[in-house]
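A short write-up of the structure that comes next.
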Amino acid sequence: MTHSITLRNQIFEMHFSGSLFWVEKSMLLISDVHLGKVSHFRKYGAAVPQQAVQQNFEALTSVVNHFKPESIVFLGDLFHSSLNTEWALFTEWVKTISAEITLVSGNHDIISPIKYEALAIKVIPELIIDSFLLTHHPEERDGIFNFSGHIHPAIKLSGLGRQSVRLPCFYKTEHQMIVPAFGEFTGTHTLEPCDGCEIYALLGDAVLPVPIKEVKKKRNYRK
Amino acid sequence: MNREKLYDIAEYWFQEQGWKPFKFQKDTWKAFLQGKNGLLNAPTGSGKTYALWFPIVLNYIKNNPDYKTKHKKGLKAIWITPLRALSQEIKQSAERITLDLDTQMTVGIRSGDTTTKERAQQKKQMPDLLITTPESLQLLLATKGYDKIFKDCSAIVVDEWHEILGTKRGVQMELALSRLKNISSQLRIWGISATIGNLEQARDVLLGMETQVLENSVLIKANINKKITVKSIIPKKMETFPWRGHLGLHLLEEVVPIINNSKTTLLFTNTRSQCEIWFQKILEKHPEYAGEMAMHHGSINKETRVWVENAIRNEQLKAVVCTSSLDLGVDFAPVETVIQIGGPKGVARFLQRAGRSGHRPGKESVIYFLPTHAIELIEASALQKAVKLNTVEDRMPYLNSYDVLLQYLTTLAISDGFYPKEIYQEIKQTFCYQALTEEKWQWLLNFLVMGSQSLQSYDEYKKVEIEEDGKFKVNNRGVAMRHRFQIGTIVGDVNIAVKYQKGGYIGSIEEFFISKLNRGDVFTFAGRNLEFIRIKEMTVQVKNSNKKTNKISSWMGSRLTLSAQMSELLRNELYSSSEPNKNQSAEIRALAPLFERQRRDSIVPKPSEFLIETFKTRDGYHHLFYPFEGRFVHEAMGSLLGYRISLLSPITFSLAFNDYGFELLSDQPIDIQQVLDNDLFTKDFMLDDLQKSLNATEMARRRFRDVAIISGMVFTGYPKKGIKMKHLQSSSQLLFDVFRDYEPDNLLFQQAFTETFEHQLEEGRLRLSLERIATQEIVWKQCSKPTPFSFPLITDRMSREKLSSEKLADRIKKMAALLMKK
């Protein structure tokens, strides 16, 4: 269900939902939920099934119940666009949560911070805890390990018989980890593996470290 | 003025040009003036435009005897053309008549190229004769008070109806006609079509299912017998000719003498990227053609295309490499020879292309077929027979396209609004929606108004509103504006304009190709080497580059398949390889070394045999099946068989198809004996299994793309204003998943499956071929390495289908992310 890694003597648990739990701080990191996206589309005449709205809140509740964190940090793009009726659903949801909530603001977060503050949610551009930096866009800074979202990373796996599968993933390089998008109806962006990176794919009900195989460009068949 | 006098006017005009009207032209004049509807079957360049422009003008003269001095304003006739590039030419022929006969009639064009100023003028005062496209006609229905525009319209002519018929633009046309019939009381409906297998049906679809309209109609055939000579370009050395490939560059030098011996040669390629490559390579090897050779395809900017077309007419060009963009219209007298590169996948298309040469009456058409790989020579041989027998394909019209209907209803709602009762009666008369139940109709209305089937809390869905008197109307300006932009996007991928950084439009390109490029990459497009700089607001900025590149712009395009008749001809050609030499065509004889090689490890099947080959390579275990039934039947049979095998034990397949057979590739071997023992080729439960296999593969997912765009669920963005709409862009893939998970009974989601079923899998033909296989002896060859027949299939990397009955977790265990080492 989860997979743990240790970074700078701290333990992080990756959850199949795409969220990341910082054990020592009891802090849950969630990125790119894009709440309100379905309603936004519907408002503009694209009839995306409304039932998908509920799924986001159910998934949020279930992951909070699992880790029972003291604080929750959203790594940006919590809301997809301007205010719509999903804000009311979000307000309801926040009431059920006892943990302290912070939003590290992303490019989609255009809703006024005042609205968030009314719900006791802090909105900040970035968050530094010890030698860890939490941002929406991936960043590189000396001596610092960065957690970010924004990319909606996915990885392509290949096997014998020309088989391939694309899965959302946690994408870790030496000083960086990009967290997958949490939200329903958000899409992914496939990344190539790189030298020294570690990739953890989301399987629906598990998190799996992905083996990386070096290959040379294939030759064609000969007659 | 009586009819005889009117004919005299027309005949006199013909005499003045030194021409004589053909019988089909006179027949059409007569039928039109009698008030009949009809379909005229005539090829391009036969004088079909005069067959219909004349009676339209004569009818005006009849109704306005003082036509020379007084001008009765208002729209009299609409001419629909599928390609806006043709409208100029159609306008010229109309103007010739209106001017020469001293009428004061005006002729105008309305298409995507028409300026806003011109549009506004037309809105104030429509020209008498309007030339437009199916999309622009829909846009007219989206203007307020459109009924007044069409009130006195006497005729609508749909040109090149065969090209529109089997597409969703055809459905768009059916819907527009169903409306026009009811608002223009004098309307005659006419279509012009090249020869297709189902001409009668083509007429029914055009005119609709109303018996009155159909009974008052005619089908006129031009019967112009043209001599067509087909010549295959046979490689001199079969041993070095490739077994696979789709470019055909091996035979480039064979093309040179053909070009040199004819005034102008058109080289038809099947894709735009192939067109780009051939153009490059010929110039590279034969720089002497520089300035005398050009390229023409749909993504090159309009000015260049028009220049090329004029240069052909003025005999300035020796050769033009082109795609289907030059299939239609435009009379190119200087073209003496046509070369088809690669299988045209259709006799009708092949004949049409052949007809581009020797355009003058009495001249013969010459077409060369250039095979791109060895097995295509069998196709070449079959094509020759098909041309002799004139076995042209059917164009299958769509049924129950909910997406197009939703688009149409929104169109009506943004202009004057509509009353469902009235419109339901109208659309029930169309071919496409003749079987639409009231229940489904209600579903669609609910969807328009609520975006679902019942009101939901916290919902802000906004599109069509119901006014107090029951009228369905769009009152939101944003909805209306977005919809207008959407009307034109009935087909095609997201296109991005390619421009120089300093400005200057070069053409348009599909997003999927650009998404693979990085800054600094050089690619070939429109015959130039361009360096990719960046994407900005839906345009690709580039600059010229001198660097060499192997990246050639490519387009997905649609895949075509062999018809049933053509497949049969193909099989017969193949079988003839076992017969004595004298019974064989030159192509089959030339293939002798390939057949010999095929027989070394396997067989060339006889009519009584069905061949299965299996072997292993480093890619996995290959299982090949050769029904020779055309690509679509193979897609169906491959999915069906793959699905049935996957029920025996958990397995994952990668499937490849072509016109000759299909491949099931897996990481584990299939026991073919078990397949035979379990009778997996049976036609029992075929429909049921096929439906289930559809869920297991991704075919419907791909179909869903068009459905989502046409019905307005995926917004493709405003041309050149793309950036503002970014928050409304989503991929249809994402949408497909959401529907699958939350609303699988949605009619639009279902439509993707029905369409795959009806338009891609050809269930009827699948049944017949399974029956045929049941009578054949199955020959299973376990080969040590790939055979010539298998080659094009196993090397197909692009268009593969997946099917799996394994758990994802189990599959993943055998996989890895690949890190490319340079």
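Here are the numbers:
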| item | result |
| --- | --- |
| A:F16 under 30 Å from A:S131 (Cβ atoms), at pLDDT 95 or above and among the aromatic types (F, W, Y) | yes |
| Inter-residue pairs, beta-carbon under 7 Å, first closer than 13 Å to B:T323 by Cβ and free of Cβ contacts under 8 Å to residues at least 60 places away in the same chain and in the stretch B:279-308, second crowded, with 20+ Cβ neighbours inside 10 Å and of a type in the set (D, E, K, R), 6+ apart | B:H296/B:R305; B:H297/B:R272; B:G298/B:R272 |
| Residues that are in contact with an Asp or Glu (Cβ under 9 Å, 6 or more places away or on another chain), more than 14 Å from chain A (Cβ to nearest Cβ) and under 21 Å from B:A809 (Cα atoms), drawn from the stretch B:648-696 | B:L648 |
| Checking A:N146 against (1) within 14 Å of another protein chain (Cβ to nearest Cβ); (2) under 16 Å from the mean Cα position of the chain (by Cα), the condition it does not meet | (1) |
| Candidate set: the stretch B:731-765, residues that are within 15 Å of B:M713 (Cα to Cα) and among the aromatic types (F, W, Y); chosen: the one farthest from the chain's Cα centre (by Cα) | B:F739 |
| Positions within the stretch B:578-632 being outside any helix (DSSP H, G or I) and among the aromatic types (F, W, Y), in sequence order | B:F610, B:F615, B:Y621, B:F625, B:Y626, B:F628 |
| Elements of type helices (runs of 4 or more DSSP H) contained in the stretch B:438-531, each with 1 or more residues being at pLDDT 80 or above | B:438-450, B:477-487 |
| Considering residues of the stretch B:201-215 that are in contact with a strand residue (DSSP E or B) (Cβ under 7 Å, 6 or more places away or on another chain) and either closer than 22 Å to B:L389 by Cα or surrounded by fewer than 21 Cβ atoms within 10 Å (Cβ to Cβ) (or both) only, the residue modelled with the lowest pLDDT | B:V213 |
| Candidate set from the stretch A:149-176 (those that are away from chain B (no Cβ under 14 Å) and either part of a loop (DSSP other than H, G, I, E, B) or at pLDDT below 95 (or both)); member that is surrounded by the fewest Cβ atoms within 10 Å (Cβ to Cβ) | A:E174 |
| The stretch B:216-232, subset at pLDDT 90 or above and surrounded by fewer than 19 Cβ atoms within 10 Å (Cβ to Cβ), residue nearest to B:I588 (Cα to Cα) | B:K231 |
| Some residue of the stretch B:758-768 being of a type outside the set (V, I, T), on the phi < 0 side of the Ramachandran plot, out of contact with any Ser or Thr (no Cβ under 9 Å at 6 or more places or on another chain) and within 8 Å of chain A (Cβ to nearest Cβ) | no |
| Members of the stretch B:407-437 that are under 19 Å from B:K181 (Cα atoms), of a type in the set (A, V, I, L, M, F, W, C) and not in a helix (DSSP H, G or I) | B:F418, B:F431, B:C432 |
| Tally of residues being more than 14 Å from every other protein chain (Cβ to nearest Cβ) and either over 22 Å from A:S148 (Cα atoms) or part of a strand (DSSP E or B) (or both) across the stretch A:26-42 | 4 |
| Near pairs, Cβ below 7 angstrom, 6+ apart or cross-chain, from the stretch B:439-462 (more than 14 Å from B:S711 (Cα to Cα) and facing chain A (nearest Cβ under 7 Å)) to any residue that is of a type in the set (V, I, T) and assigned to a helix (DSSP H, G or I) | B:K462/B:V479 |
| Selection status of B:F789, away from chain A (no Cβ under 14 Å) and either touching a His at 6+ places or on another chain (Cβ under 7 Å) or surrounded by 14 or more Cβ atoms within 10 Å (Cβ to Cβ) (or both) | no |
| Residues (more than 9 Å from chain B (Cβ to nearest Cβ), surrounded by 18 or more Cβ atoms within 10 Å (Cβ to Cβ) and assigned to a strand (DSSP E or B)) located in the stretch A:177-213 | A:M177, A:I178, A:L191, A:Y200, A:L202, A:V207 |
| All positions within the stretch B:615-645 that are within 13 Å of chain A (Cβ to nearest Cβ) and in contact (Cβ under 8 Å) with a residue 12 or more places away in the chain | B:F615, B:K616, B:T617, B:D619, B:G620, B:Y621, B:H622, B:H623, B:G642 |
| Any hit, the stretch B:803-810, residues being in contact with a Gly (Cβ under 7 Å, 6 or more places away or on another chain), over 22 Å from B:S577 (Cα atoms), assigned to a strand (DSSP E or B) and not small (G, A, S) | yes |
| Options B:E95, B:E118, B:E163, B:E89; residue that is buried (at least 18 other Cβ atoms within 10 Å of the Cβ), assigned to a helix (DSSP H, G or I) and either of a type in the set (D, E) or not assigned by TED's automatic domain parsing to the domain that holds B:L207 (or both) | B:E163 |
| Among (1) part of a loop (DSSP other than H, G, I, E, B); (2) within 27 Å of A:Q50 (Cα to Cα); (3) away from chain B (no Cβ under 14 Å), the one test that A:H137 misses | (2) |
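Residues checked against (1) on the phi > 0 side of the Ramachandran plot; (2) at pLDDT 85 or above:
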site	(1), (2)
B:K345	yes, no
B:Q352	no, no
B:S357	no, no
B:E364	no, no
B:E379	no, yes
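Per-residue answers, yes or no, for (1) under 37 Å from the mean Cα position of the chain (by Cα); (2) of a type in the set (V, I, T); (3) at the interface with another protein chain (Cβ under 7 Å from one of its Cβ atoms); (4) closer than 22 Å to B:M637 by Cβ:
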residue	(1), (2), (3), (4)
B:C783	no, no, no, yes
B:K802	yes, no, no, yes
B:L808	yes, no, yes, no
B:K813	no, no, no, no
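Here's the yes/no breakdown for (1) of a type in the set (F, W, Y); (2) away from chain B (no Cβ under 14 Å); (3) in contact (Cβ under 8 Å) with a residue 40 or more places away in the chain; (4) part of a loop (DSSP other than H, G, I, E, B):
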position: A:I72; (1), (2), (3), (4): no, yes, yes, no
position: A:G76; (1), (2), (3), (4): no, yes, yes, yes
position: A:N84; (1), (2), (3), (4): no, no, yes, yes
position: A:V94; (1), (2), (3), (4): no, yes, no, no
position: A:I97; (1), (2), (3), (4): no, yes, no, yes
position: A:L103; (1), (2), (3), (4): no, yes, no, no
position: A:I110; (1), (2), (3), (4): no, no, no, yes
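Let's see how each residue does on (1) crowded, with 21+ Cβ neighbours inside 10 Å; (2) within 10 Å of another protein chain (Cβ to nearest Cβ); (3) among the hydroxyl-bearing types (S, T, Y); (4) in contact with a Ser or Thr (Cβ under 7 Å, 6 or more places away or on another chain):
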position: A:T6; (1), (2), (3), (4): no, no, yes, no
position: A:E24; (1), (2), (3), (4): no, no, no, no
position: A:Y44; (1), (2), (3), (4): yes, yes, yes, no
position: A:F57; (1), (2), (3), (4): no, no, no, no
position: A:N65; (1), (2), (3), (4): no, no, no, no
position: A:K68; (1), (2), (3), (4): no, no, no, no
position: A:H80; (1), (2), (3), (4): yes, yes, no, no
position: A:T91; (1), (2), (3), (4): no, no, yes, no
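The values are calculated or read from the model by the stated rules, or taken from the named source; none is laboratory data. Here the structure is a predicted model, which is why all the values come from computation and not from measurement. All Cβ positions, glycine included, derive from the backbone under ideal geometry; neighbour counts span all protein chains shown.
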